[in-house]
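Colleague: Input: one structure, supplied below.
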Amino acid sequence: MEKPIHQVLEELTLWLKFQKDSGVDLIHPEVAQSLERLDMAVKRRKNAGQRTVSADLSMVNSLSSLQAIVEQCRACGLSATRNKVVFGEGNTNPVLMIIGEAPGREEDRTGRPFVGKSGELLTKMLRAINIDRQEVFITSVVKCRPPSNRTPHKDEIEACLPYLQRQISLLDPKLILCLGGVAGQAVLGVNSSLSDLRGKFHQLHERKVAVTYHPAYLLRFGGNKQQHLKRKAWHDLQMLQKEYDKSRQKRPG
Ligand code: URA
Ligand code: SF4
């Protein structure tokens, strides 16, 4: 009969403690072998489980059902420290989808993307190219806040990526703007640096993807450095605006 792993863990811990307290300080090779077998079995289950998650997502045909699944997700360690899952929000039939890196403190508290300082700057950046926040869909690569806003780890990005990919398919945007290197690399599946990725469009199937500086990064610097970075971001945004206006005109309705 299958048992939940926490129960096995409790039983095993008690048993090991009991052995130790009774003066046993070496484990019989057969027991050690059983533990190794157990470890292998759990790893196999985990791998099989991960495959099932992504395979199953192709059957999820609405954004709201996907959201319900993501809100229950415990596929990576970030689930232990999050307050709210930040699925993303905005126009569900968007020309443009915007993808950040990970929720921060305000996002984790409210469950909404880009509502802190970075969000304010993002809203201004969009206004500058004549785009209203409500016209776009906004989300991030990982949906749960990393502790102290550290960069999400590779395994966390991998665990969360199937959700982002399903969001992209369901929302079907013509254009994607990635904010920061982490988002650019995750979406395009490459390892290139931000300076290599920005300044041009990348083709992702039938979509065009642009990558620019994350607003949090722009806010980190003052003076000349910030001006210099903002000029480059402005270049990226103008490039985006041209495509956006073209796609907006073509869009039915
Ligand atoms: N930065 C991000 O990348 N995503 C958010 O939702 C907020 C800040
Ligand atoms: Fe799941 Fe993504 Fe949250 Fe990790 S970050 S627990 S994969 S929703």
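Colleague: Within the range 232-253, count every residue that is within 27 Å of the chain's Cα centre (by Cα) and at pLDDT 95 or above.
Modeller: The qualifying residues number 12.
Colleague: Name the single residue that is modelled with the highest pLDDT among those in the range 56-66 being open to solvent by 60 Å² or more (accessible area, probe 1.4 Å) and over 18 Å from residue 173 (Cα atoms).
Modeller: Residue satisfying both the conditions and the ranking: 59.
Colleague: Also, quick follow-up: Any chance you could count how many residues in the range 222-238 are open to solvent by 80 Å² or more (accessible area, probe 1.4 Å) and either among the aromatic types (Phe, Trp, Tyr) or in contact (Cβ under 8 Å) with a residue 60 or more places away in the chain (or both)?
Modeller: The number of residues fulfilling the criteria is 1.
Colleague: Something else about it: Would a scan of the range 229-244 turn up a residue that is aromatic (Phe, Trp, Tyr) and not in a helix (DSSP H, G or I)?
Modeller: Kept after step one, since they are aromatic (Phe, Trp, Tyr), are these residues of the range 229-244: 234, 244.
Now narrow it down to the ones that are not in a helix (DSSP H, G or I): none.
No.
Colleague: Would you check which residues across the range 90-136 are open to solvent by 10 Å² or more (accessible area, probe 1.4 Å), outside any loop (DSSP other than H, G, I, E, B), away from ligand 2 (no atom under 15 Å from the Cβ) and not basic (Lys, Arg) and list them?
Modeller: 90, 106, 110, 118, 120, 121, 123, 125, 128, 134, 135
Colleague: Sticking with this structure for a sec: Which condition breaks for residue 210 when tested against (1) open to solvent by less than 30 Å² (accessible area, probe 1.4 Å); (2) of a type in the set (Gly, Ala, Ser); (3) within 25 Å of residue 109 (Cβ to Cβ)?
Modeller: Of everything listed in (1) open to solvent by less than 30 Å² (accessible area, probe 1.4 Å); (2) of a type in the set (Gly, Ala, Ser); (3) within 25 Å of residue 109 (Cβ to Cβ), residue 210 misses just condition (3).
Colleague: On to the next question. Scanning for something polar (S, T, N, Q), modelled with pLDDT of 75 or more and on the phi < 0 side of the Ramachandran plot, does the range 42-54 turn up at least one residue?
Modeller: no
Colleague: If you don't mind, there's one more thing I want to ask. Select from the range 61-89 the residues that are in contact (Cβ under 8 Å) with a residue 12 or more places away in the chain, part of a helix (DSSP H, G or I) and of a type in the set (Gly, Ala, Ser) and write down the one among them that is nearest to ligand 2 (Cβ to nearest atom).
Modeller: 79
The values are calculated or read from the model by the stated rules, or taken from the named source; none is laboratory data. Bear in mind the structure is a predicted one, so any value in this text is a computation, not a measurement. So basically every Cβ, Gly included, is an ideal-geometry build from the backbone, and we count neighbours across all protein chains shown. Side chains included, ligands, DNA and RNA excluded: accessible areas come from the protein's heavy atoms. Shrake-Rupley method; radii C 1.70, N 1.55, O 1.52, S 1.80 Å.
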